[in-house]
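So the structure is just underneath, and the comments pick up after that.
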Amino acid sequence: MAFKDLGAKPILFPQPTYMIGTYNDDDSVDLMMMAWGGVCARDMVALNIGERHKTTANLRRRKAFTLAVPGTDTLAESDYFGIVSANDVPDKFAKTGLHAEKSAKVDAPVITEYPLTFECEVVEFQDQPYGLRVLGKVVSIVADESVLTADGKVDVEKLGAFAFDGDQNGYYAIGSRVGTAWDDGKKFMK
């Protein structure tokens, strides 16, 4: 193999694509695509977002959010939520034709077209020199039955999620299972 120095840039792959759902002052839905964050403990998520986002102001005010996993069937709508700021286009959610219901657990919207949604309460804002990290406690997870296995677990293949490639600005579908965690490596334990 021949290695080339690419410098320091945020291109770790795969980067997840998540949708942060909050409510604006007027109770309209705000949705933002995020790729820098994820699970940080058994019942905690971390969002790494900028202070300038309308979503950030909503998080600070409402202290709640939903974190949804978009599928490839809503890729264009999801990408739009990453392109356009609610600071500039207050009705950006309405323009997509997606639908929302109020979460039963937190003060945030559940987008009905997204099959997997974490309902979260803000635990802490960590203002760091390199950006803002929002820690959220997962209160509940709701999933559309269409993405569940017979025994009630999320079927990743049915979910149709996609990942972000920050180096080439691409989205890539997450597909087939290729192994079994905490099992495939056991052959080296002999």
Legend entry - Only one of Leu159, Leu148, Leu116 that is touching a strand residue (DSSP E or B) at 6+ places or on another chain (Cβ under 9 Å) and open to solvent by 30 Å² or more (accessible area, probe 1.4 Å): Leu148
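Scan the stretch 90-104 for residues that are of a type in the set (A, V, I, L, M, F, W, C) and open to solvent by 80 Å² or more (accessible area, probe 1.4 Å) and report the count. Spell out the reasoning first.
The initial filter retains those residues of the stretch 90-104 that are of a type in the set (A, V, I, L, M, F, W, C), namely 93-94, 98, 100, 104.
Retained after the next criterion (residues that are open to solvent by 80 Å² or more (accessible area, probe 1.4 Å)): 104.
Of the residues in the stretch 90-104, 1 are of a type in the set (A, V, I, L, M, F, W, C) and open to solvent by 80 Å² or more (accessible area, probe 1.4 Å).
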Inset, instruction - May I ask you to say which residue of Val45, Val69, Val39 is over 18 Å from Gly97 (Cβ atoms), surrounded by fewer than 18 Cβ atoms within 10 Å (Cβ to Cβ) and among the β-branched types (Val, Ile, Thr)? - result: Val39
Legend entry - Complete set of residues in the stretch 85-143 that are within 22 Å of Asn48 (Cβ to Cβ), at pLDDT 95 or above and among the hydroxyl-bearing types (Ser, Thr, Tyr): Tyr114, Thr117
Inset, instruction - Would you mention how many residues in the stretch 102-133 are closer than 21 Å to Lys92 by Cα and not charged (D, E, K, R)? - result: 9
Legend entry - Options Val134, Val123: the member that is of a type outside the set (Gly, Ala, Ser), open to solvent by 80 Å² or more (accessible area, probe 1.4 Å), assigned to a strand (DSSP E or B) and touching a residue at least 40 places away in the same chain (Cβ under 8 Å): Val123
Inset, instruction - Return the residue satisfying two criteria in turn: it lies in the stretch 21-36 and is part of a strand (DSSP E or B) and hydroxyl-bearing (Ser, Thr, Tyr), and of such residues it is most open to solvent (accessible area, probe 1.4 Å). - result: Tyr23
Inset, instruction - State all residues of the stretch 90-120 that are assigned to a strand (DSSP E or B) and either touching a Phe, Trp or Tyr at 6+ places or on another chain (Cβ under 8 Å) or of a type outside the set (A, V, I, L, M, F, W, C) (or both); if no residue qualifies, say none. - result: Ala100, Glu101, Lys102, Pro109, Thr117, Glu119, Cys120
Inset, instruction - Might you let me know whether the stretch 2-20 holds any residue that is farther than 22 Å from Asp144 by Cβ, in a loop (DSSP other than H, G, I, E, B) and open to solvent by less than 30 Å² (accessible area, probe 1.4 Å)? - result: no
Legend entry - Hits in the stretch 40-60 (condition: assigned to a helix (DSSP H, G or I), under 11 Å from Val134 (Cα atoms) and over 15 Å from the mean Cα position of the chain (by Cα)): Arg60
Legend entry - Residues satisfying the stated conditions in the stretch 162-181, i.e. open to solvent by 100 Å² or more (accessible area, probe 1.4 Å) and modelled with pLDDT under 90: Arg177, Val178
Legend entry - Cβ-Cβ under 6 Å pairs, at least 6 apart or on other chains, the stretch 173-190 side within 25 Å of Thr74 (Cβ to Cβ), far side open to solvent by 90 Å² or more (accessible area, probe 1.4 Å) and at pLDDT below 90: none
Inset, instruction - Name, by its number, the condition in (1) in a strand (DSSP E or B); (2) over 19 Å from Tyr18 (Cα atoms); (3) of a type in the set (Phe, Trp, Tyr) that does not hold for Tyr171. - result: (2)
Inset, instruction - Look at the stretch 140-190 and say how many of its residues are of a type in the set (Lys, Arg) and within 25 Å of Arg42 (Cβ to Cβ). - result: 4
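The values are calculated or read from the model by the stated rules, or taken from the named source; none is laboratory data. As the structure is a prediction and not an experimental result, all values here were calculated from the model. With ideal geometry, Cβ positions are generated from the backbone for all residues, glycine too; neighbour counts draw on all protein chains shown. Accessible surface is based on the protein model in full, side chains and every heavy atom, while ligands, DNA and RNA are left aside. Shrake-Rupley method; radii C 1.70, N 1.55, O 1.52, S 1.80 Å.
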